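In what follows, a structure is listed as structure tokens, so that the remarks can point back to it.
The values are calculated or read from the model by the stated rules, or taken from the named source; none is laboratory data. Bear in mind that the values here come from a model prediction, so they are computed numbers and not experimental data. For neighbour counting, all protein chains shown are included, and Cβ atoms are generated from backbone atoms with ideal geometry for every residue, glycine included.
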Amino acid sequence: MQHDTPTETGFARALAERSAHLQWDDLPPEAVHWAKVGLIDTLGVTLAGSREDAPRLAARGLDLVGGPALVLGSAQRVGPLDAALINGTAAHALDFDDCNNTLGGHPSVPVLPALMALADERDAQGKAPTSGRDFLLAYIVGFEVETKIGLAVNFHHYQKGWHPTSTLGTFGAAAACARLMGLDSERTAVALALAASFASGIKANFGTMTKPLHVGHCARNGLFAARLAQQGFTANAASVFEHEQGFLDVFNGPGTYDTARALDAWAAPLDIVRPGIAIKQYPCCGSTHPAIDSLLALVREHHYEPGQVARVQAWVHPRRLKHTNRPQPKSALDAKFSLQYVLARGLVDGCVSLEHFEGQAYEDPRVQALMPRVEVAGYGEDQFPADNHFGGIARVTLADGTVHEARVHQPLGRTSDHPLPQDLLEKKFALCAASVLTDAGVKGVAAEVAHLEQAANLSALGQHLAQLRQP
């Protein structure tokens, strides 16, 4: 990939101009549909994740005071920056949130917690109510910014060890908040320039609470960047990306990015439309899902007993293997990144579910006994085309020598061309939300999101989100 010539106005300003000028009437119906899919899925996993240790401990590390922004899963209201951090951490705590192929990460959780906190603040200040259209448009803008930056820097950025959800999601959150605030293109560019200094997150912390904290941190920082820009704070909007010590050369390195590619692809189509949002079926690292889909297809067909199985082999893309080859996970969070664990679990139980990552479930003796028989590897071009990064193969060899094999070219729900069926999306939301909300709250949130573009404000949605089950 050649190092492109910087645009005349700079990458930050080029993105900002496009962000500030995107209007509701520019959006195809598919973009609105997928924005509502992303919102309902994110609300569900955030509510369920609010019960995890990571957001609770993160909250204890803050000097919380009362404020306008709701901490999801509770009745507590705090300052917007703190709410963005806590809710962002909760949204990613289960690793059950949506993904995107261009970003190489999770597109909605950096953006939506920041927007929700900002909307709460604006409504409390008596400003013009945040309409459903305003909210969805801001979300789509943030999604487009982070994914198009992803198009410019990946896959080198991903392979280098950065956590793109956090490093690139900071820009998405900043752009989304700037759009909801109504900032002009110059102040939006400043917000992006500030985000360049706030971006962080490395894969070495995968399998610990720090991974979801990355998301809370970037949601907070994106909102903070937009608030600073609104107040007239200064940053290098002209060349923060292109500078020899700027984001692109520092985070990626010369010759490993292409900003022209990103700008040429802006809204053609919107990334939320294609490749779209990948909705997870399993509450674990998305890089394990192709292999899980393949294995579960075999389990459904052959109904194995663990004692029959002599060997399980699985192949995923090599870049996914680096953070998922974990033969002996040491914690529930670590198990979310272990191909060996999730495949053994799928074979033993015929599914991979939330309860499999709770408490000491990863120490289940039945699963532990099977894990040494699970072998994982990266696939080659003789197994999948070179441009397929989302394939998976599972092969089960029985004690009598019988061999069964299944493969998927991408897991179900991975792109808008291969979506998770609506009934499964609804079941997933209800399963997640019901752990926190009353039945009326679950139904109310779903109904509000389904018609959000018609809402004059977000008050009804907020009321339903506050309908908590009794402890």
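Kindly indicate whether residue 74 is over 28 Å from residue 413 (Cα atoms) and part of a loop (DSSP other than H, G, I, E, B).
Values: over 28 Å from residue 413 (Cα atoms): yes; part of a loop (DSSP other than H, G, I, E, B): yes.
Yes, satisfied.
Give the residues of the stretch 373-397 that are surrounded by 12 or more Cβ atoms within 10 Å (Cβ to Cβ) and out of contact with any Lys or Arg (no Cβ under 9 Å at 6 or more places or on another chain), sorted by residue number. First the steps, then the outcome.
Step one: filter the stretch 373-397 for residues surrounded by 12 or more Cβ atoms within 10 Å (Cβ to Cβ), giving 373-379, 383-384, 388-397.
Matches in the stretch 373-397: 376, 377, 379, 388.
Identify the residue in the stretch 398-414 that is in contact with a strand residue (DSSP E or B) (Cβ under 8 Å, 6 or more places away or on another chain) and crowded, with 17+ Cβ neighbours inside 10 Å and, among all such residues, is farthest from residue 321 (Cα to Cα).
413
Taking only pairs six or more apart or across chains, which ones have beta-carbon atoms under 6 Å, a first residue in the stretch 388-408 that is closer than 12 Å to residue 312 by Cβ, and a second residue that is aromatic (Phe, Trp, Tyr) and buried (at least 16 other Cβ atoms within 10 Å of the Cβ)?
Taking only residues 6 or more apart or on different chains, the pairs are 393/315.
Any residue in the stretch 202-225 that is over 17 Å from the mean Cα position of the chain (by Cα), in contact (Cβ under 8 Å) with a residue 40 or more places away in the chain and either farther than 25 Å from residue 22 by Cα or not in a helix (DSSP H, G or I) (or both)?
Yes, some residue in the stretch 202-225 is over 17 Å from the mean Cα position of the chain (by Cα), in contact (Cβ under 8 Å) with a residue 40 or more places away in the chain and either farther than 25 Å from residue 22 by Cα or not in a helix (DSSP H, G or I) (or both).
Which of the helices (runs of 4 or more DSSP H) contained wholly in the stretch 414-471 include at least 1 residues that are under 30 Å from residue 103 (Cα atoms) and polar (S, T, N, Q)? Working first, answer last.
Values: elements: 422-433, 439-450, 459-465.
Result: 422-433.
Hey, could you check the stretch 229-262 for residues that are hydroxyl-bearing (Ser, Thr, Tyr) and either under 23 Å from the mean Cα position of the chain (by Cα) or modelled with pLDDT under 95 (or both) and say which is nearest to residue 190 (Cα to Cα)? Write out each step before concluding.
Applying the first criterion (hydroxyl-bearing (Ser, Thr, Tyr)) to the stretch 229-262 yields 234, 239, 256-257, 259.
Pick out the ones that are also either under 23 Å from the mean Cα position of the chain (by Cα) or modelled with pLDDT under 95 (or both) and you get 257, 259.
Details: 257: 22, 259: 18 Å.
Here the answer is 259.
For residues in the stretch 13-25 being closer than 22 Å to residue 449 by Cβ and either without any contact (Cβ under 8 Å) to a residue 40 or more places away in the chain or part of a helix (DSSP H, G or I) (or both), which is farthest from the chain's Cα centre (by Cα)?
Per the stated criteria, the residue is 25.
Suppose we filter 316, 299 for residues that are more than 23 Å from the chain's Cα centre (by Cα) and at pLDDT 95 or above; which single one remains? Walk me through how you get there before you give the answer.
Details: 316 fails: more than 23 Å from the chain's Cα centre (by Cα).
None of the others qualify; the one that does is 299.
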